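Novice: One structure, as structure tokens, below. Some questions next.
The values are calculated or read from the model by the stated rules, or taken from the named source; none is laboratory data. The structure displayed is predicted, hence computed values, not measured ones. Using ideal geometry, Cβ is built from the backbone for each residue, glycine included, and neighbour counts are taken over all protein chains shown.
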Amino acid sequence: MKRKATNSRRTKAISSPLGELISSTEVPLALWYFALPHPIPFPDGLQMSEQVANRPDDPGQPDDPDVSLVFHQLEYTHGRMSGVSKAVMEAAERSGTAKPVASDYKEYESSVKTAYTVVEALTPVESPDKPDQASIETAQDAEPRSDEFMRCLRLVTDLVRAYRLQSGKGVTLPHYERIPFPVLRFTAPGIREVYQQDQGLLKVLGPTAAWEGPELVLLEHENFADPLKGDALSDEQVSEFHQWMRYIRQGNPVVLWRERIIEADEAINGLGDRSGGVILANTATETLMDVILSMLLWEEGVDPRDAEKLFVEGRVLQRITGQLSTRLGASWSTASGPVGEWFEASYLLRHRIVHGGYWPTHPESVRALRAAQDMHTFAFDRIAAKRNVYPRSALLTVARSGLEKRDLWGGKIKIFAEQNAPTESDWSASFRDFHKEISALRLARRSSA
């Protein structure tokens, strides 16, 4: 499929005889402009056209929508590198470490060039499929056959993937979440013509009037080129901040789970790395479940050598459905409830990705992340319910703030926290040592095997 010529450059690209005209159809067109997160060294002006299915390996259908791309290569003397350089230098000047060098910096700034690859994407406004509103929560959930921008992005992503495979370079894939601001959209009435040639059919797509626009399209993500500063910490948040600092200094294993779930969120919603995000989300859950079981065993006073025997490699499901279920109560079945949702949406999906090379969709990755987060909430709810059986574990994980939010702060747990807890040794350090000993025993067993 070629686009109808609108300037000399494109005229040269379709200068061969078009053949016999078979059909001519009026079709409204959309023309998109957006930059890639990483410049790709395609030739300036490279054109690429294709019918786009929902997934790269789909067999394709006759009504798959057309997408025609033009890649533009540009360079400017201003960009992130010069901005960061200026910010770092100004900070040094503010503190008195460095003397102002405005004139020298100005000369340096003009020598910095930043490369950009901008995509010009032409596609029909109308789509063969209607969006499935029941399954679409955000714009990136839409399928290429039902959304004009997503089909343009699908084809661009395939091309960048092919370049990455050929070059072996880890360039950033143009996931929806990585497309920088601004994104422009133009519209115009158009025509699709189909010609018969010796080598097959030739499709020509182009406008029949001047383009109208641009519309400034705001994508549904917060991954701006210039990061936004967060809100100042409240007094309660400052207290939590210092608690996490203590956990980091102590090597508390609870930190491991917390960091993995944050990384999973960032991978999926910030970087568009759906496969990596699902793996991290499932890793976070498995880590948390083993940390919780280890903590309960520590509070029960189990000898680390006996506790280690429960942590057999590859049997995390047995520990969840057996050991945790026995101690914390409620249903931990993989067939239903929060555990069942995590098992299906996160655990099994992770296996498809790791062992089958599967590329999850955006809705699948978001579901996996939510299932992991819900699993965490469920586990903490169960610890809170057993607060009088495992008061130390409850105070180390759910904490007073979590118990208050659940309207469970009072009675025995409040008395224990105020009267007993201050007389005991540092729980966090004690549990850390217990967990480390179990980890060392597990490592020794693997090494001997």
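Novice: Exactly one of these conditions fails for Lys113: (1) buried (at least 17 other Cβ atoms within 10 Å of the Cβ); (2) touching a strand residue (DSSP E or B) at 6+ places or on another chain (Cβ under 6 Å); (3) among the basic types (Lys, Arg). Give me its number.
Specialist: (1)
Novice: OK, next. Would you confirm whether any residue within the range 365-375 is at pLDDT 95 or above and under 28 Å from Ala440 (Cα atoms)?
Specialist: The answer is yes, given that some residue of the range 365-375 is at pLDDT 95 or above and under 28 Å from Ala440 (Cα atoms).
Novice: Which of the residues that make up the range 350-363 are surrounded by 14 or more Cβ atoms within 10 Å (Cβ to Cβ) and farther than 23 Å from Gln133 by Cα?
Specialist: Arg350, Arg352, Ile353, Tyr358
Novice: Something else about it: Look at Ser239 and say whether it is under 30 Å from His435 (Cβ atoms) and either surrounded by fewer than 18 Cβ atoms within 10 Å (Cβ to Cβ) or among the basic types (Lys, Arg) (or both).
Specialist: Yes: the conditions hold for Ser239.
Novice: What do you reckon, is Ala421 crowded, with 18+ Cβ neighbours inside 10 Å, in a helix (DSSP H, G or I) and either at pLDDT below 95 or aliphatic (A, V, I, L, M) (or both)?
Specialist: Here the answer is no, as Ala421 does not meet what is asked.
Novice: Another question, if that's okay. Within the range 292-314, how many residues are modelled with pLDDT under 95 and under 21 Å from Ile261 (Cα atoms)?
Specialist: 1
Novice: Within the range 342-357, how many residues turn out to be out of contact with any Phe, Trp or Tyr (no Cβ under 9 Å at 6 or more places or on another chain) and either basic (Lys, Arg) or in contact (Cβ under 8 Å) with a residue 60 or more places away in the chain (or both)?
Specialist: The number of residues fulfilling the criteria is 4.
Novice: In the range 63-94, what residues are modelled with pLDDT of 80 or more and part of a strand (DSSP E or B)?
Specialist: Within the range 63-94, Asp66, Val67, Ser68, Leu69, Val70, Phe71, His72, Gln73, Leu74, Glu75 meet the criteria.
Novice: Also, I was wondering about something else. Can you tell which of Asp426, Asp381 is more than 25 Å from Gly314 (Cβ to Cβ), within 31 Å of the chain's Cα centre (by Cα) and acidic (Asp, Glu)?
Specialist: Asp381
Novice: Separate question: For the range 154-181, give me each residue that is free of Cβ contacts under 8 Å to residues at least 60 places away in the same chain, farther than 16 Å from Pro144 by Cβ and not charged (D, E, K, R).
Specialist: Ala162, Leu165, Gln166, Ser167, Gly168, Gly170, Phe181, listed by residue number.
Novice: Further question: If you go through the range 364-407 one residue at a time, how many are among the β-branched types (Val, Ile, Thr), surrounded by fewer than 19 Cβ atoms within 10 Å (Cβ to Cβ) and part of a loop (DSSP other than H, G, I, E, B)?
Specialist: 1
Novice: Related question: Any residue in the range 142-156 that is under 22 Å from the mean Cα position of the chain (by Cα) and at pLDDT below 90?
Specialist: For the range 142-156, residues under 22 Å from the mean Cα position of the chain (by Cα) and at pLDDT below 90: present.
Novice: Another one. Within the range 53-62, identify whether any single residue is within 28 Å of the chain's Cα centre (by Cα), at pLDDT 65 or above and within 23 Å of Leu218 (Cα to Cα), and answer yes or no.
Specialist: Here is the first cut: in the range 53-62, the ones within 28 Å of the chain's Cα centre (by Cα) are 53-60.
Restricting the remaining residues to those that are at pLDDT 65 or above gives 53-60.
Next, from what is left, pick out any that are within 23 Å of Leu218 (Cα to Cα): 54.
Within the range 53-62, one or more residues are within 28 Å of the chain's Cα centre (by Cα), at pLDDT 65 or above and within 23 Å of Leu218 (Cα to Cα).
Residue by residue, here is whether (1) under 16 Å from Arg442 (Cα atoms); (2) of a type in the set (A, V, I, L, M, F, W, C); (3) part of a helix (DSSP H, G or I); (4) in contact with a strand residue (DSSP E or B) (Cβ under 8 Å, 6 or more places away or on another chain) holds:
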| position | (1), (2), (3), (4) |
| --- | --- |
| Glu263 | no, no, yes, no |
| Ile268 | no, yes, yes, no |
| Ser275 | no, no, yes, no |
| Thr287 | yes, no, yes, no |
| Asp306 | yes, no, yes, no |
| Phe311 | yes, yes, no, no |
| Arg319 | yes, no, yes, no |
| Gln323 | no, no, yes, no |
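Novice: Can I ask one more? Checking the structure you have, find out if any residue of the range 411-424 is basic (Lys, Arg), more than 30 Å from Pro131 (Cα to Cα) and touching a residue at least 24 places away in the same chain (Cβ under 8 Å).
Specialist: Yes, there is a match, as at least one residue in the range 411-424 is basic (Lys, Arg), more than 30 Å from Pro131 (Cα to Cα) and touching a residue at least 24 places away in the same chain (Cβ under 8 Å).
Novice: Hey, Gly200 hits all of (1) without any contact (Cβ under 8 Å) to a residue 24 or more places away in the chain; (2) at negative phi but one; which does it fall short on?
Specialist: Unmet condition: (2).
Novice: On to the next question. Quick check on this structure: which one of Arg392, Arg387 is touching a residue at least 40 places away in the same chain (Cβ under 8 Å), over 34 Å from the mean Cα position of the chain (by Cα) and on the phi < 0 side of the Ramachandran plot? Walk me through it before giving the result.
Specialist: On the way: Arg387 fails: touching a residue at least 40 places away in the same chain (Cβ under 8 Å).
Going through Arg392, Arg387 in turn, the sole match is Arg392.
Novice: Same structure, new question: Which residue out of Arg246, Arg185 is surrounded by 16 or more Cβ atoms within 10 Å (Cβ to Cβ), charged (D, E, K, R) and touching a residue at least 40 places away in the same chain (Cβ under 8 Å)?
Specialist: Arg185
Novice: When you scan the range 116-164, how many residues do you find that are loosely packed, with under 15 Cβ neighbours inside 10 Å and in contact with a Gly (Cβ under 8 Å, 6 or more places away or on another chain)?
Specialist: Looking only at that region, the number is 0.
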